[in-house]
Structure formats: C-alpha cells, structure tokens
1. Tell me the residue from A:136, A:104 that is part of a helix (DSSP H, G or I) and modelled with pLDDT under 90, please.
2. Being within 14 Å of chain B (Cβ to nearest Cβ) and at pLDDT 90 or above is the requirement here; does residue A:159 meet it?
3. In the range A:225-234, how many residues are within 7 Å of chain B (Cβ to nearest Cβ) and surrounded by fewer than 19 Cβ atoms within 10 Å (Cβ to Cβ)?
4. Here are the criteria: (1) over 12 Å from the mean Cα position of the chain (by Cα); (2) under 30 Å from residue B:62 (Cβ atoms); (3) modelled with pLDDT under 90. Tell me which single one residue A:199 does not satisfy.
5. Out of A:149, A:192, which single residue is outside any helix (DSSP H, G or I) and more than 22 Å from residue A:91 (Cβ to Cβ)?
6. Is at least one residue of the range A:110-127 modelled with pLDDT of 90 or more, away from chain B (no Cβ under 13 Å) and within 23 Å of residue A:173 (Cα to Cα)?
7. For the range A:76-105, which residues satisfy the criterion of being closer than 16 Å to residue A:133 by Cα and over 16 Å from the mean Cα position of the chain (by Cα)?
C-alpha cells in the first residue's frame with residue numbers, strides 16, 4: 001500500500017496554478033482523525049477562477065450527506081443492472097469531482113512541462129481513469145449506507161469530511177472527502193482518502209516516478225494501458 | 001493495514017480450522033467459521049458471480065476465497081479484482097497483485113494481463129517492464145486482445161523490449177482484427193503514416209471506419225475528414241459531415257471545427273440529411289474481449 005508522504009515543493013505543480021496569496025511556500029498541515037498527518041498544500045489544487053476563500057466544515061458535511069443520499073438512490077439494486085448502477089454513480093461523480101484540479105495535482109510539476117496536446121490527452125485519460133476506478137469502487141453495492149461521522153477544516157480553503165461506508169457484509173470502510181466550496185456556491189470533491197490513503201497523492205507518487213523515467217508521454221501511455229485492465233469475469 | 005487485517009483473518013481461520021478438526025474431525029469447518037462460510041461450503045463459482053452482480057461483494061468474496069484456495073484460477077482472478085477495486089473490502093493493490101499472480105500462474109490470461117499492467121506502473125508490486133512483457137506475451141499468445149494491444153505499445157515505446165515498430169504494428173493489428181476499437185484507431189494512423197507497416201491509405205480509412213462504427217470519437221473525426229477529401233475512400237461529403245457531427249457531439253473540438261467548415265460547402269438539405277443520419281446513428285461496440 002502506498003504510504004501517505006509529505007508533498008515537497010519538487011512534487012508540486014507550477015506556480016501559475018496558484019492564485020492570490022497562494023504560492024509554493026504556502027504549506028498547511030491537515031490532520032485527519034488524529035491518526036495520520038496528511039500534509040497538503042494550499043496551492044497545488046488551485047485554479048485561477050471561482051475559488052472561495054474557505055469551505056465551512058458544516059457546509060461540506062451537508063454537501064457530502066446530500067451526495068450520499070443521491071448515491072444510495074443511484075445504487076438501488078431494484079433499478080437496474082450492476083453496469084447501470086455503476087453508470088449512475090459515474091455520472092454523479094463526474095458532476096461532483098473536480099477532475100481538472102485532481103489531474104493537475106497528480107501530474108505535479110510535469111503539468112508545466114506538458115505541451116497543450118499532451119495536457120488535453122492526459123486530462124481526458126486521467127478523467128476516464130478516475131471515473132472508472134471510483135465508480136467501480138463505490139458503485140454496485142447493495143445494502144450500503146454511508147454515514148457522515150465528522151467534518152473539519154483541512155486547509156485555509158478546504159474541509160475534510162469523514163465517513164464510514166457500511167456494507168451488507170464485511171467491515172465498514174473509512175472514507176474521507178476533501179471538499180472545496182467555490183464562489184458560485186458549488187461544492188467539489190478534490191480527493192478521496194480511503195483508510196488514510198489519499199487517492200490523488202498516491203496517483204501523484206506513481207506518475208512522478210513514471211514521468212522521471214519516460215516523461216509526460218510515459219504517463220499518458222501508462223494511463224492508456226491502465227484503461228485496458230480487465231474487470232471481474234463470469 | 002488491510003494486509004494486517006487479512007493476515008489476522010488468515011490466522012483466525014487457521015485457529016478455527018484446528019478447533020474444528022479436534023471437535024469434528026474436520027467435517028464442519030464451514031459451520032464453525034460462521035454464516036458466511038456456511039454459504040461458501042456448498043457454493044459454486046456461479047453463486048459468487050450472482051452475488052457479485054447483485055452488489056453483494058462480501059458474499060462473493062466469501063464464496064470465491066475457498067475456491068481460490070483450492071486452485072480455481074477464475075476465482076483467484078476475481079478476488080484480485082475485488083481487492084483492486086475495493087469492492088466489499090478495503091482496496092489493496094498488493095492483495096490484488098498477489099491473487100493475480102497466483103491466477104496467472106494457474107493459467108488465467110486476464111490475470112496475466114492485469115498483473116502486467118501493475119508491473120508497468122509499479123502498482124502494488126515492483127515496477128518491472130521486463131517481467132511485464134513476459135506476462136503480456138503469455139497472455140497475448142493465449143488470446144487476450146487487450147494484451148496484444150498493450151504488448152504492441154511496449155514494442156512501440158521500447159519498454160522491456162527493443163523498440164520495434166514492425167512488432168508493435170503486428171500485435172496491435174491482431175487486437176484490431178479482434179475488434180478492439182483503440183487498436184483499430186491506432187492501425188488507422190499506422191497505415192496513414194507508414195508506421196511499422198507499408199503506407200496504405202485505403203487500409204487506414206478502413207480501420208478508422210471500423211473504430212468509428214464502434215463510437216470512437218477520434219476515429220469518427222478521422223474518417224469524416226477522409227470522406228470529405230476522398231483520402232483512401234470515395235468522397236461522400238454528407239457521410240463525412242455525419243461522422244464529424246458525431247465526433248463533435250462527443251466533445252471532439254477539432255471535429256466541430258471541421259464540421260463547421262464542411263457544412264459551409266453543403267446545401268441546407270445536405271446538412272439536414274447529415275444531421276438526421278448522425279441522430280439515428282447507433283454505435284456497435286465490439287465486446288469480444
């Protein structure tokens with residue numbers, strides 16, 4: 001399992017992604033459940049538009065709670081096949097994940113080096129990869145409930161909402177959601193932390209390793225290949 | 001953490017098995033292991049699949065685990081996907097890779113493919129292009145279409161093998177012939193450019209068309225522009241506009257620009273016809289793999 005590490009300046013995306021007072025020097029440390037120190041930056045998940053000053057934890061809590069209700073409805077086994085249920089979860093995720101910020105964060109400093117057509121191809125593949133991964137991870141369950149167990153301020157801008165996914169069988173799974181509120185009032189999810197493992201940070205570590213060897217094209221090829229992975233077989 | 005959980009589960013299972021052996025001579029392990037194992041005792045692979053499709057991943061896991069322990073390669077592979085995707089369990093790439101390795105060694109081409117991908121990206125296992133190529137070759141020879149395509153990419157980029165565009169084209173064309181849209185699109189570009197094959201614009205158009213019919217937007221843009229120019233295929237501007245409308249509708253920006261330019265050279269009737277054809281188009285995706 002990929003450990004949660006500290007994001008260093010070398011692994012961060014370019015300054016041009018940062019806004020306002022945010023810069024490479026602006027680091028904040030967020031804590032989750034008092035167990036893991038999740039060191040994140042303020043600037044790395046920033047794009048220059050429509051960014052709110054802060055995300056009140058109680059509002060992030062309500063956002064995730066409402067989303068969970070929609071997800072449970074989408075997962076109702078009486079309303080379609082596994083593929084259809086996953087399709088609905090995928091749609092829900094595509095509307096509520098900030099895929100562009102997640103993608104830029106995962107590519108880190110290589111985003112700045114990437115040419116426009118590489119950026120476009122990467123973003124398309126990354127979005128497809130994230131949506132297919134998460135919709136499989138979260139979709140299809142029966143008898144699942146998602147309980148919001150708490151919300152706290154993570155960084156100056158973001159809140160972290162802790163949840164437990166309870167299943168019909170098996171132990172509950174701890175999932176935390178990094179949420180940001182935008183000026184237009186929209187909320188977006190910027191990261192999902194399963195059992196203390198930050199998904200975007202794990203992606204970043206993997207992409208950095210590949211990019212250091214094979215450049216941005218290597219990351220693009222790797223994503224293209226990853227999308228050929230087989231699912232469960234009958 | 002999940003590995004620790006699983007180790008402790010394994011330990012617990014062993015303890016239960018020992019107690020069961022002492023009490024019953026080993027006849028009632030499933031009963032003592034709890035309700036889940038009760039179901040698993042008589043359950044078949046298909047029972048696990050039925051539970052999986054319902055979304056009851058915990059039951060699927062409990063049915064497939066003893067089957068996998070008994071050597072069922074398909075159960076091993078599916079357990080790997082449950083751990084990989086975190087269905088009913090905490091996601092664990094390492095557990096996924098462990099099961100895929102066992103399944104691949106037991107003959108599963110799907111597992112060999114997924115294991116190779118994990119080796120390429122260093123996901124749950126050591127990054128190792130050479131080992132990935134060996135697994136991909138074995139799966140590709142065994143008929144895995146996705147492995148044929150992926151192996152072609154390894155030859156194209158010289159990962160784990162010497163760079164060889166001829167071998168790249170040979171493997172990717174195998175996957176294309178089996179109906180993999182991404183491979184068909186790739187062969188369209190290869191025949192267009194003479195990359196690893198002799199340049200052949202008619203074949204290029206043929207592969208672009210095959211992928212376009214499956215709903216692949218980039219191929220729709222390519223076949224649209226070729227139909228408009230008569231490159232490797234007879235000119236048909238209305239048909240060209242149909243494909244460009246479809247690609248543009250799927251978010252392909254260049255296709256939208258091409259469609260706008262082409263539409264200006266057509267009459268209202270022709271534009272309307274192209275739009276009607278695009279609206280009634282139904283992709284025919286090939287699910288051979």
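The values are calculated or read from the model by the stated rules, or taken from the named source; none is laboratory data. As the structure is a prediction and not an experimental result, all values here were calculated from the model. Cβ: placed from backbone, ideal geometry, glycine included. Neighbour counts: every protein chain shown.
1. Details: A:104 fails: modelled with pLDDT under 90.
Sole residue among the options that is part of a helix (DSSP H, G or I) and modelled with pLDDT under 90: A:136.
2. Values: within 14 Å of chain B (Cβ to nearest Cβ): no; at pLDDT 90 or above: yes.
So residue A:159 does not fit the description; no.
3. Qualifying residue count, the range A:225-234: 3.
4. Status for residue A:199: all satisfied but (1).
5. Details: A:192 fails: more than 22 Å from residue A:91 (Cβ to Cβ).
When all the criteria are applied, what remains is A:149.
6. No, every residue in the range A:110-127 fails to be modelled with pLDDT of 90 or more, away from chain B (no Cβ under 13 Å) and within 23 Å of residue A:173 (Cα to Cα).
7. Passing the criteria: A:82, A:83, A:84, A:85, A:86, A:87, A:88.
Conditions tested, residue by residue: (1) at the interface with chain A (Cβ under 9 Å from one of its Cβ atoms); (2) in contact (Cβ under 8 Å) with a residue 24 or more places away in the chain; (3) closer than 19 Å to residue B:77 by Cα; (4) in a helix (DSSP H, G or I).
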site	(1), (2), (3), (4)
B:127	yes, no, no, no
B:136	no, yes, yes, yes
B:140	no, yes, yes, yes
B:146	yes, yes, yes, yes
B:149	yes, yes, no, yes
B:152	no, yes, no, yes
B:155	no, no, no, yes
B:159	yes, yes, no, no
